[in-house]
Amino acid sequence: MQLDIFADSRDVMLRNDVLSALQRYDARETQQALRRLSEEYPDDDSIPQLSILAGALDLRSTVAFSKHQVAAETRCALVEKITPAARRMWGELASTRWLLPLWRELAQRASSLPYRADSLDTHAAALWPQAGGWSDARDAVLTIESWRRIPAPLAWMAEASYRLDALENTWPLLAELAWLAPDRCARLVERLGDRSLDSLLKKFYASFEGAGDSTDIAWFPAWVLIEKPAIARLLIAAQPSTMTNPERAMRLLLELLCLERQGRHYEVMDYRKKLQGLHAPLYLSYMSTR
């Protein structure tokens, strides 16, 4: 619903007064304008949505959360009540802009809450992206001990890295996430919507002989070294993870590419045998390029 400054009907004027006050985040004026609308036009269809938005302004706070439950309840209200009301009144883009300060306050209030696996949505690192605060999200992840070994924080950091630094610097984190939590990695890649990454992944799924499900993406970092050897300079920065077969395959291929450049034939043959024993179809893909 857009502001109609040319309308001369009384109900439209009163409704616009409420919307205008909301867009200024003026809680007091919003309530006054809403009261006038409700008194004169109690059956106006917009009153329920406007009341929700007015209430959201009344409840704004900068006081830090001391309990995860309170943060979860506040977030739930923002997602399930306030966001739908805002979208109905302003549409997708305008409502997203209007909600940014509310998400920012929520993230700031949650900044002192420790990471808890049973309350992921209340960690500041999960909240900052809703406010466009990717740098703040990255800083919040860094407060989590051993974040690189935990699927959710690792995914948060990977997305923050992509939004801030683009794909190149994100490859090591994507590889680690693929090994640690394939399902989460697949969802993240879909959310990123990167054309080059999507193209590579599409080719991978079409050619790779694996389980045929989302766990196959764990082999993607190894496969991509065959398809795009130049990415080796990026993937070499991936930190040791759980040393599953997909990770071992990628590290074997990194060694192979290095040995090939150095012309160390006998060692190349040895590493090729190791790769063949680890995953025969991947080995055949590798050999098809040699």
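The values are calculated or read from the model by the stated rules, or taken from the named source; none is laboratory data. All of these numbers come straight from a predicted model, not from anything done at the bench. Cβ placement follows ideal geometry from the backbone for every residue including glycine, while neighbour counts extend to all protein chains displayed. Please note that ligands, DNA and RNA were not included when accessible areas were found on the heavy atoms of the full protein model with its side chains. Shrake-Rupley method; radii C 1.70, N 1.55, O 1.52, S 1.80 Å.
Some observations on this one:
- Taking first residues from the stretch 19-39 that are closer than 15 Å to M89 by Cα and partners that are open to solvent by 30 Å² or more (accessible area, probe 1.4 Å) and part of a helix (DSSP H, G or I), the Cβ contacts under 8 Å between residues at least 6 apart in sequence or on separate chains come to A21/E29; A21/Q32; L34/S51.
Conditions (1) more than 13 Å from V18 (Cα to Cα); (2) touching a Leu at 6+ places or on another chain (Cβ under 8 Å); (3) among the charged types (D, E, K, R), marked per residue:
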site: R35; (1), (2), (3): no, no, yes
site: D44; (1), (2), (3): no, yes, yes
site: P48; (1), (2), (3): no, no, no
site: L53; (1), (2), (3): no, yes, no
site: A56; (1), (2), (3): yes, yes, no
site: H68; (1), (2), (3): yes, yes, no
site: A71; (1), (2), (3): yes, yes, no
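- Some residue of the stretch 233-249 being outside any helix (DSSP H, G or I), open to solvent by less than 20 Å² (accessible area, probe 1.4 Å) and under 21 Å from P172 (Cα atoms): yes
- Residues satisfying the stated conditions in the stretch 76-129, i.e. surrounded by fewer than 17 Cβ atoms within 10 Å (Cβ to Cβ), among the charged types (D, E, K, R) and closer than 26 Å to L154 by Cα: R116, D118, D121
- Selection of the stretch 242-277 for residues being more than 14 Å from A222 (Cα to Cα) and in contact (Cβ under 8 Å) with a residue 60 or more places away in the chain yields only T242.
- Some residue of the stretch 207-217 being buried (at least 18 other Cβ atoms within 10 Å of the Cβ) and of a type in the set (F, W, Y): yes
- Taking residues in the stretch 212-232 that are under 13 Å from P246 (Cβ atoms), and partners anywhere that are surrounded by 23 or more Cβ atoms within 10 Å (Cβ to Cβ) and at pLDDT below 95, not one pair has Cβ atoms closer than 6 Å while being at least 6 places apart or on different chains.
- If you check E80, E105 for being within 26 Å of W134 (Cβ to Cβ) and without any contact (Cβ under 8 Å) to a residue 24 or more places away in the chain, only one passes: E80.
- Complete set of residues in the stretch 130-141 that are in a helix (DSSP H, G or I), open to solvent by 30 Å² or more (accessible area, probe 1.4 Å) and not basic (K, R): Q130, W134, S135, D136, D139
- Residue in the stretch 208-228 that is modelled with pLDDT under 95, more than 17 Å from P151 (Cα to Cα) and of a type in the set (A, V, I, L, M, F, W, C) present: yes
- Candidates L197, L201, L188, L174 - the one that is open to solvent by less than 60 Å² (accessible area, probe 1.4 Å) and either assigned to a loop (DSSP other than H, G, I, E, B) or within 29 Å of Q69 (Cα to Cα) (or both): L188
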